[in-house]
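Working notes for the structure below.
The values are calculated or read from the model by the stated rules, or taken from the named source; none is laboratory data. Note that the structure is a prediction, hence the values are computed from the model and not measured. Neighbour counts run over all protein chains shown; Cβ positions are idealised from the backbone, glycine included. Surface areas here come from the heavy atoms of the whole protein model, side chains and all, with no ligands, DNA or RNA. Shrake-Rupley method; radii C 1.70, N 1.55, O 1.52, S 1.80 Å.
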Amino acid sequence: MGGESSMGALVPSVNSEATTSKMQPPTEELDKDMLCPICMQIIKDAFLTSCGHSFCYLCITTHLRNKNDCPCCSHYLTNNHIFPNFLLNKLLERTYARQAAKNASPYEHLRQALQQGCEVSVKELDGLLTLLAEKKRKMEQEEAERNMRILLDFLCCLRKQKLDELNEIQTDLQYIKEDINAVERQRIELCRAKERCSLKLRMFADDPNTQFVTQSGPVASKKKWAQAQFNDLQECYLQKRRNWVRQAYKEEEKDTDIMNGEGYNPGLEDFQSVLTNFTRYSRLRAVAELRHGDLFHSANIVSSIEFDRDDELFATAGVSRRIKIFEFSSVMNEPADVHCPVVEMSTRSKLSCLSWNKYTKNHIASSDYEGIVTVWDVTTRQSIMEYEEHEKRAWSVDFSRTEPSMLVSGSDDCKVKIWCTQQEASVLNIDMKANICSVKYNPGSSIHVAVGSADHHIHYYDLRNISQPLYVFSGHRKAVSYVKFLSSNELASASTDSTLRLWDVRDNLALRTFRGHTNEKNFVGLTVNSEYIACGSETNEVFVYHKAISKPAAWHRFSTDLENGEEDAGSYFISAVCWKSDSPTILTANSQGTIKVLVLAE
């Protein structure tokens, strides 16, 4: 990371000489003989030399430490040849006094006159007191007027703010009223359709009195779940409703009452999709688990876990210096908790990240602690390319979706490198000022790359112009450990400030901040699909967020079976996560070496 100067900015201080000069009479009003020839200021504590020149005592003594001559005439001079100039000191004191009197306020003049015993009659004092009382009353009225003006300005601003809020509330209420009517109409239509369907079913049933009753339990559970997240859902609804209106005005579509085929406003339809997805799941359920190696050995930390192109295989890598490929169907269908990988490849160094090629199914890239980026052929179990240009540990690697021969990597050497599988050297190099923690290609473009950095920022580059980022997204308070794209426009980031953030890379906007998990020092994993964001936590839990809601939608804690009392269960953390495409299934791994398949459930 870029170094900073150890010296902070200095607080501006008041110059002592300038303060002193303010108390001295202006030099243009005084004779030049009253100026010290050395400092060219009014002489202070005047001393006379044997050759007849006057200086400040401090000035002349300082001069005589270096030279034994008069600064004016070069006459031989020592400290024994200078004497106090009492006459000049008295003249200067009188000058100061006259100047102070001249600059004194009327109050000072009056106070000094009374203190010096000036004769004043009672009538004169009465007139003076009356004048002072009038002056005081006038000043109080002016002060009261100023205060009233300030109060009035405040109240006017407050009224404007509240009127704006009221107008916004009235507009929101109009939206809600329209949407309630639209939903009621749709509900009535659904009820009529349901009655027609039930009637037909009863006609075909053996018992004409057969009743078809729907269970209210799931509905009540979903209502309760929605109420628990009411504030976030309210914000989401209003945001989507307002955004659609603004978008309609931008496109000069003044008729904001346009409805879809179901009679819904598009903003309501968008929110209904969010609400449906959010209330569909409320927990994570473990459906499979596998363990390999020594359960309590630190070398079992899984740093990366990734599905292949078709979600048939998944690969794991970590500090064990091995890439292990598992068949997902076998893990799901076989009861054993210790599964053998179908492919295993050894590496020279600890591994930090994996990335499957999105086109060539059997190609996978890895980055390691020695800074080496390797492309492997899973079928032959051999490396087909090794890139060794990084000078320090490489934290991240990613294949491009749209240009499968291209991949990007980021390292502690503060460099982002673009590689081509058909070339032995990097094709592009971006020098940055801080360590690189994560890199990711935009899934819809081979020329846009997001970079998560230890400088707390996300740098979004157009590779056609790498002299500066296209955008820099700021908001995290600590290092950005992961960046992942939900779509071509939506980017999620994770940081060791225990937050996730969602960004719009098209419009350069911060969309949402997610809180609930704990992440202060470790890489805990981040994975996304089109609707959900999942990450690990240093509490050994997996958290899932819906992209429109800032609080967790579901979470799952890994259990720990401690056989060795020396190990602290609190030190375990989730180290890698990966969604199975757009399904509710997620692969998770922790620092204990345990891998679980979790599924979102009601």
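At-a-glance table
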{"read-out": "S591 vs. criteria modelled with pLDDT under 90 and open to solvent by less than 30 Å² (accessible area, probe 1.4 Å)", "value": "yes"}
{"read-out": "Residue in region 106-115 that is touching a residue at least 24 places away in the same chain (Cβ under 8 Å) and either outside any helix (DSSP H, G or I) or not assigned by the TED database to the domain that holds S50 (or both) present", "value": "no"}
{"read-out": "Qualifying residue in region 440-450 (condition: farther than 27 Å from T360 by Cα and in a loop (DSSP other than H, G, I, E, B))", "value": "no"}
{"read-out": "Qualifying residue in region 470-481 (condition: in contact (Cβ under 8 Å) with a residue 12 or more places away in the chain, closer than 22 Å to E391 by Cα and part of a strand (DSSP E or B))", "value": "yes"}
{"read-out": "Some residue of region 11-27 being more than 48 Å from the chain's Cα centre (by Cα), closer than 29 Å to H75 by Cβ and modelled with pLDDT under 65", "value": "yes"}
{"read-out": "Qualifying residues in region 559-582 (those that are in a loop (DSSP other than H, G, I, E, B) and at pLDDT 90 or above) - the one nearest to S320 (Cα to Cα)", "value": "F573"}
{"read-out": "Residue check for L58: assigned by the TED database to the domain that holds Y96, closer than 22 Å to E93 by Cα, without any contact (Cβ under 8 Å) to a residue 24 or more places away in the chain and in a helix (DSSP H, G or I)", "value": "yes"}
{"read-out": "Filtered residues of region 380-401 (kept if open to solvent by 70 Å² or more (accessible area, probe 1.4 Å) and closer than 16 Å to T316 by Cα)", "value": "R381"}
{"read-out": "Single unsatisfied condition, Q115 versus (1) at pLDDT below 90; (2) within 59 Å of the chain's Cα centre (by Cα)", "value": "(2)"}
{"read-out": "Residue in region 173-183 that is touching an Asp or Glu at 6+ places or on another chain (Cβ under 9 Å) and surrounded by 10 or more Cβ atoms within 10 Å (Cβ to Cβ) present", "value": "yes"}
{"read-out": "A479 among the aliphatic types (A, V, I, L, M), open to solvent by less than 20 Å² (accessible area, probe 1.4 Å) and touching a strand residue (DSSP E or B) at 6+ places or on another chain (Cβ under 9 Å)", "value": "no"}
{"read-out": "Any hit, region 491-501, residues being more than 27 Å from Y471 (Cβ to Cβ), surrounded by fewer than 24 Cβ atoms within 10 Å (Cβ to Cβ) and among the polar types (S, T, N, Q)", "value": "no"}
{"read-out": "Failed condition for N103, given (1) open to solvent by 100 Å² or more (accessible area, probe 1.4 Å); (2) more than 59 Å from the chain's Cα centre (by Cα); (3) polar (S, T, N, Q)", "value": "(2)"}
{"read-out": "Conditions (1) hydrophobic (A, V, I, L, M, F, W, C); (2) assigned to a loop (DSSP other than H, G, I, E, B); (3) more than 22 Å from S352 (Cβ to Cβ): number failed by A434", "value": "(3)"}
{"read-out": "Residues within region 539-553 that are open to solvent by less than 20 Å² (accessible area, probe 1.4 Å) and farther than 23 Å from K521 by Cβ, tallied", "value": "4"}
{"read-out": "Pick from region 200-230, criterion surrounded by 10 or more Cβ atoms within 10 Å (Cβ to Cβ) and more than 30 Å from P552 (Cβ to Cβ), ranking: modelled with the lowest pLDDT", "value": "F212"}
